[in-house]
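S.K.: Here you go, one structure.
The values are calculated or read from the model by the stated rules, or taken from the named source; none is laboratory data. Owing to the predicted nature of the structure, the values given are computational and were not obtained by experimental measurement. Cβ: placed from backbone, ideal geometry, glycine included. Neighbour counts: every protein chain shown.
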Amino acid sequence: MKETITIKTLAKELNISISTVSKALNDSYEISIETKQKVWDLAKMLKYNRNPSASNLRSHKTKTIAVIIPEIANNFFSQAINGIEEVARQRGYHVLIYQTHENTDQEIAFTDSLLSGRVDGILISVSSDHDNRDHFTALVKEIPTVFFDRVYEDIDAARITTDDYESAYNATSYLVECGCKKIAYLFALNNLNAGKQRMSGYQDALKAHQLAYREELTVNYDKDADLNYQNIKDLMLNERPDAVISSIEDLALPCYYVCKELGIHIPDDLKIISFSNLNTAPLLNPSLTTITQPALEMGRQAAAILFKILDKKHFEPNEWLTLKSTLIKRDSTACH
């Protein structure tokens, strides 16, 4: 059977990247005339045929972008996807959605598969289980990529996040103003900039209010939900904090169950704040005070930046857009 000639074939023969071949075939201004000519000559010699699912010899695009997220069940990510799809539809683009389930190996497999020309660009919120920055440092040189919410701070790429440091700082200060002196912290996303910024905001707010940071008041997230529950229960039994800040909503709900089991009354005995976009937060008993991120707008803005890159319009290569989150005060932190 005759071998099918693909962009990958041309790249291998010329010892250049797939991205360079694709741009050369599309007559991109980013590629030199000499390189374009080499690619065109080889494509002609090997009888390379246009592929409707990849870039053709001039201007074809797949009209498809990929969105890679840790999980679609998370309300934040579902709202962000709505924002992305809204912008993509206006541009006549399709959206492919991939879930990594916080698995960096899966993340690498997805992104590698997208380099064959299946999509024009990638929007990604990275997994938290391991540091994958070396992979993404190489990826952004191959395909237009925009990071949103969960980002690496030292990669040469466009990023859009929320004000994680300020949000955690303000939430901690609010609890102090409510009279809390022993504020615990449920720590997650510790491999990512978002998690580190939230922890820093909490620690700095304690210091600003002359309260000492104590490691015993910190619970680290684990993938094992039962272990999270037990660790939170041990915190309540051993330390008896008067407030808790949860850096993700998956750690806030176990607090309610633990308090019910131990007879701890919210908010009189324990006040709770969580980073969360849960639609059900107002329906919890008592209703949950949340740091709510502008997920829909983040999706819109991330897509807009990606299309600006695809249109080759001016943009800052290291553009970092920060959106404001909102502290929504509800009954779980009621001050008397």
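S.K.: May I ask you to list the residues in the stretch 100-125 that are under 23 Å from Asn190 (Cα atoms), in contact with an Asp or Glu (Cβ under 7 Å, 6 or more places away or on another chain) and not acidic (Asp, Glu)?
M.R.: Across the stretch 100-125, the qualifying residues are Thr100, His101, Asn103, Thr104, Ser125.
S.K.: Also, quick follow-up: So is Lys141 surrounded by fewer than 20 Cβ atoms within 10 Å (Cβ to Cβ), under 20 Å from Ser200 (Cα atoms) and among the basic types (Lys, Arg) or not?
M.R.: no
S.K.: Still on this structure: Counting residues that are surrounded by 15 or more Cβ atoms within 10 Å (Cβ to Cβ), at pLDDT 95 or above and touching a Phe, Trp or Tyr at 6+ places or on another chain (Cβ under 6 Å), which strands (runs of 3 or more DSSP E) fully inside the stretch 258-323 reach at least 1?
M.R.: 289-292
S.K.: Condition first: free of Cβ contacts under 8 Å to residues at least 60 places away in the same chain and either part of a loop (DSSP other than H, G, I, E, B) or at positive phi (or both). Now tell me which residues in the stretch 94-121 satisfy that.
M.R.: Thr100, His101, Asn103, Val119
S.K.: State yes or no: is Asn220 loosely packed, with under 14 Cβ neighbours inside 10 Å and touching a strand residue (DSSP E or B) at 6+ places or on another chain (Cβ under 7 Å)?
M.R.: yes
S.K.: Give me the pairs, please: first residue somewhere in the stretch 68-87 and of a type in the set (D, E, K, R), second residue anywhere and in a helix (DSSP H, G or I), beta-carbon distance under 7 Å, and either six or more positions apart or on two chains.
M.R.: Final answer for the pair search is Glu71/Phe77; Glu86/Arg300.
S.K.: Picking from Leu186, Leu206, Leu115, Leu175, which residue would you name as being surrounded by 16 or more Cβ atoms within 10 Å (Cβ to Cβ) and not assigned by TED's automatic domain parsing to the domain that holds Leu227?
M.R.: Answer to the check: Leu115.
S.K.: When Tyr213 is evaluated against the numbered criteria (1) farther than 27 Å from Glu297 by Cα; (2) crowded, with 16+ Cβ neighbours inside 10 Å; (3) not polar (S, T, N, Q), which criterion, by number, is the only one it fails?
M.R.: Condition not satisfied by Tyr213: (2).
S.K.: Which of the residues belonging to the stretch 27-47 are surrounded by 18 or more Cβ atoms within 10 Å (Cβ to Cβ) and part of a loop (DSSP other than H, G, I, E, B)?
M.R.: Selection gives Ile31 alone.
S.K.: If a residue has to be in contact (Cβ under 8 Å) with a residue 12 or more places away in the chain and either in contact with a Gly (Cβ under 6 Å, 6 or more places away or on another chain) or of a type in the set (Phe, Trp, Tyr) (or both) to count, how many in the stretch 192-231 make the cut?
M.R.: Result for the stretch 192-231: 3.
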